[in-house]
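Okay, structure first, notes after.
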Amino acid sequence: LVTGFLDVLTFEDGSECPANEFEECDVGQELLNGWCVDCSAGRFLDSETGECADCSAGFYQSQSGQTSCLSCQLGEYAGEEGMSACLVCPAGSFRASGVSATHCALCEEGTYSDEEMRMESEGMAHCSDCPLGSYQSSQGSSSCTVCPHGLTTAEKGSQDSSACVCPEGSYYAGSICVACPEGMSCAVGASALELAEVSPQLEAGYWASVEEPLSPYVCDSEIMCPGGTAGICAAHSHGQACAHCDDGYILVSDSCVACTEFEKSYLMFPFLPLIISPMVVLLVYRLSRSDVHSWKHWHAGIAGMGFVLLNHYQLLGLLQVAETPGGLSDTLSMISFTSDFLAMFKPPCVGFSTYLQELIIKSLLPVIGAVCFALTALASIVLAKLAGKPDLQMKQHRIICSYFTVIFTFFSAIAQACFTVTSCGPNPSGKSTLLADRSVTCFEEDWYGMLSIGVVAILFWCVGFGALFVRAILKASSRWNDPEFRLRWKFLFLKFRPGCFFFSIVIVSKGIFTNIGFIFFSEPLLQVYWVVGCLAVYCFFVAAYTPWRVMQINFVDMCAHLCLIFLGFMITWFIDSSSSMDSVVNVLSILVAFLTLVICTGAAIHMIASQTANAFQLRKQTKIVQMRSVILGLAGLEAKEFNRFMERLIDYDFRAFAAATKAAPEECGHTPVRLSPTSSRNPSFEMII
């Protein structure tokens, strides 16, 4: 075996090899002193000279007997000639494509390469950008400097400490990063300093003043408050929380719409309501002419269903505490006239646009109504004298009954109007604003002035009317035989069956208690739960007493309040929620909102048919004959036989029989009529039918 290098070739035993033994060599070998020798590692056979030569800098050859050298792969270099292997670029440097393999370039500012990258294949082929939250201001760095605690960078590869800013969801407040307020969005690098390139932005549905841009207020609509820069409102709107429209505009479906010329004239308001008022008085007066004998007629039943339906939609307005999608929002706005009929006449178009003006007008409505009834009655007296027809003169007790009928019908709306001044909601700014008008800040001087008006209205109209109604119900036991008393207060009794005349108090209490919760709870979710709880208690009373004189009204009243309870839970879906199911819940809520109207219509048709259709009358007569036969049969039983019969009755039938034994004498006038199921009987209190 021949070994050696250059001019000296020897065998393994050290003896010198004889020359001129070979004339041609294999590939990768050179002829040296007549012997073929492999080119060693780091060298290659030069085809031009036929001799082995060192690999140039930037190339390497790790094997012997090769005819060429190899280029160093990316991230490696060969800085000298004749290298058998490339070296990995040191930390802080790199070698990329197109860069000479004789050396590695230093990482630029904002980049680095470290020992961990050296362990990877082609790991040093490039330098990595400094990750978010770090920077590097020097070249040839093997690491990046981490930003101070709580700071980050807007992008990777930052080159200076000035790139360290507050992270997303916070803003720079002069020395520290502060969490972004609710209702605002803070991008990376947001700052509250003047002339900042990035500043906190308001989200849609929130508003902030230019003076206090970091103190957001909740708006009633995302359309009115589009968000963005502080102080920005939708077109033709202004004020805190964009709660008011410009002069000549009125809020319609979350947008300020221009008033028509007629709406801007005083003919629309207040003259049109004043013109309509006498007509309403005459209509109510005419409808109140019936006495106790006709209270069970279907006409009275229709009036009772109308009362339930109107009360249902008045209460529905209390549930509008969350921003709902367009369809449901429009539906709730459409029926809002049941609790705010003045809105139909668009007072803002003639300048009555502030909440204080609205509060004063609504607080005086019962007085204005009393004046309208009184003036209409006075006009009837004058007309009767001029025409010489005494019958044209309105009866005092009927006109009083007509007035209180309107008050009782709209009692929930009156209570709602009185309590709105006490209903405040929280804001991210830390201040509370009036739910009825977000431009009014609660617990400030102006609000206290409004509160005094509201408290007086509550005492006069809620407490005062409620106490007056309770007094009339309590006095009924001693004055029922007085036709004038029955005519004056019949609106409290004609809807309910004997023994349940107290239910007027339950309805008045419901109107008050459903609104009281807004004083104690400012969170929309708790407000809805309070209203739903009050409605559930009312449902219990209806189910327990079935108070309505007409059977179908009990069914309608129960369904109406169950729909309200269901709608309440549906509306909680939209409180701080955004889901793909919103549209489904929206449609379902709209259907439920009108379900009561459908049920009421069907029940009214059934009630009328049951009192007028021949088939129903024949069926009723058949049942009357059967009941008479049963009663006569029971009357002929001996005491023991009757007792055995009663003992065999199930509990439900026993209670029904007991209820019938109470109702029969009362309806026949043989025993006093009870105000409630537990009230004592007064011998002088008899209903004459």
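Over the chain, dividing the summed -39,500 (n - 2.57) contributions of all DSSP H runs of at least 4 residues by the number of residues returns a 222 nm mean residue ellipticity of -13500 deg cm²/dmol. If R0 is 45 Å, what FRET efficiency do you get for residue 445 and residue 267 from their C-beta distance, rounded to 0.05? That gives a FRET efficiency of 0.80.
Suppose R0 equals 25 Å; then what is the FRET efficiency for residue 626 and residue 302 from their Cβ-Cβ distance, rounded to the nearest 0.05? Let's see the in-between values first.
On the way: r = 29 Å, r/R0 = 1.16.
Given R0 = 25 Å and the Cβ-Cβ separation, E is 0.30.
The apolar share of the surface of segment 71-208, taken as the fraction of accessible area on carbon and sulfur atoms (1.4 Å probe, ligands and nucleic acids excluded), comes to 49 percent. Estimated at the nearest 10 Å², the accessible area of residue 267 is 100 Å² with a 1.4 Å probe. Between the labelled values [x] 1.75; [y] 1.20; [z] 1.16, the entry that holds Cα Rg over 2.2 N^0.38 Å as derived from this structure is [x]. Partner lysines whose Cα lies under 21 Å from the Cα of residue 385, excluding those fewer than 8 positions away in the same chain, are identified as 395. Counting only the Cα atoms, segment 106-171 fills a convex hull of 78 Å³ per residue.
Got a number for carbon plus sulfur as a percent of segment 392-480's accessible area, 1.4 Å probe? Summing carbon and sulfur atoms, their accessible area is 64 percent of the total for segment 392-480.
Would you please classify the overall shape of segment 247-395 from the alpha carbon gyration tensor, given that a ≥ b ≥ c denote the square roots of the eigenvalues, rounded means a/c under 1.5, and beyond that prolate means a/b larger than b/c while oblate covers the rest?
Since a/c reaches 1.5 but b/c is at least a/b, the shape of segment 247-395 is classed as oblate.
For segment 389-502, the alpha carbon positions stretch 62, 39, 19 Å along the principal axes, listed from largest to smallest. How far apart, in nm, are the 7 Å Cα→Cβ label points at residue 210 and residue 235? Each label point lies 7 Å from its Cα, and together they span 2.2 nm.
Quick check for me: using +1 on Lys/Arg Cβ and -1 on Asp/Glu Cβ, what's the dipole size of the chain about its Cα centre, in debye to the nearest 20? Kindly include the intermediate steps, with their values, before the conclusion.
Details: 37 positive and 65 negative charges, 2394 e Å.
So the magnitude is around 11500 debye.
Compared with the direct C-alpha span, the chain from residue 597 to residue 506 gains 30.5 nm at full extension, assuming 0.36 nm per residue.
Taking one quarter of the surface of the convex hull spanned by the alpha-carbon atoms of segment 235-325 gives a direction-averaged projected area of 9.4 nm². Placing one equal scatterer on every Cα of segment 464-509 and applying the Debye formula, the log10 ratio I(q)/I(0) at q = 0.13, 0.17, 0.27, 0.31 Å⁻¹ is -0.24, -0.42, -1.07, -1.33. By its C-alpha gyration tensor, with a ≥ b ≥ c as the square roots of the eigenvalues, how is segment 511-598 shaped: rounded for a/c under 1.5, else prolate for a/b larger than b/c, else oblate? Oblate.
Expressed in nm to one decimal, what extension gain is obtained for the pair residue 188 and residue 663 from 0.36 nm per residue of sequence separation less their Cα-Cα distance?
Numbers: separation 475, 0.36 × 475 = 171.00 nm, distance 7.63 nm.
Going from the current span to full extension adds 163.4 nm.
Computed over every Cα-Cα pair of segment 404-468 and binned at 10 Å starting from 0, the pair-distance distribution P(r) comes out as 22, 44, 24, 10, 1 percent.
R0 = 41 Å: FRET efficiency of residue 137 with residue 97, Cβ-based, nearest 0.05? If you can, show how the numbers build up before the last one.
Working: r = 27 Å, r/R0 = 0.65.
Rounded to the nearest 0.05, the efficiency is 0.95.
Determine the per residue accessible area of the chain with all protein chains present and a 1.4 angstrom probe, expressed in square angstrom. Write down the numbers at each step before the final one.
On the way: 36210 Å² over 689 residues.
Solvent-accessible surface per residue comes out at 53 Å².
Within 10 Å, at most 14 other Cβ atoms, and a DSSP state outside H, G, I, E, B define an exposed site. Report the longest part of the chain free of exposed chymotrypsin sites (Phe, Trp or Tyr not before Pro). Before the final figure, lay out the partial values.
Working: sites that count: 266, 443.
Maximal segment without exposed cleavage sites: 1-265.
Annotation: lysines with alpha-carbon distance below 22 angstrom to residue 296 (same-chain offsets under eight excluded): 490, 495, 620, 623, 662. Full extension of the chain between residue 80 and residue 551 yields a length gain of 158.8 nm, computed as 0.36 nm times the residue separation minus the alpha carbon distance. The order of 119, 627 by accessible area, most exposed first and with a 1.4 Å probe, is 119, 627. Based on alpha carbons, the Rg and Dmax found for segment 29-98 are 13.9, 50 Å. In this rough spin-label picture, where each label sits 7 Å from Cα along the Cβ direction, the residue 36-residue 525 distance is 8.9 nm. Note on residue 346: lysines with a C-alpha under 18 Å away, same-chain residues under 8 apart excluded, are 264, 362.
Based on the Cα atoms of segment 277-320, what semi-axes does the equivalent ellipsoid have, where each is the square root of 5 times one gyration tensor eigenvalue, given in whole Å with the largest first? Display every interim value, and only then the final one.
Details: eigenvalues 122, 54, 7 Å².
For segment 277-320, the ellipsoid semi-axes come out as 25, 16, 6 Å.
The values are calculated or read from the model by the stated rules, or taken from the named source; none is laboratory data. Remember, it's a predicted structure, so these values are computed and weren't measured experimentally. For neighbour counting, all protein chains shown are included, and Cβ atoms are generated from backbone atoms with ideal geometry for every residue, glycine included. Calculation scope for accessible area: heavy atoms of the full protein, side chains included, ligands and nucleic acids excluded. Shrake-Rupley method; radii C 1.70, N 1.55, O 1.52, S 1.80 Å.
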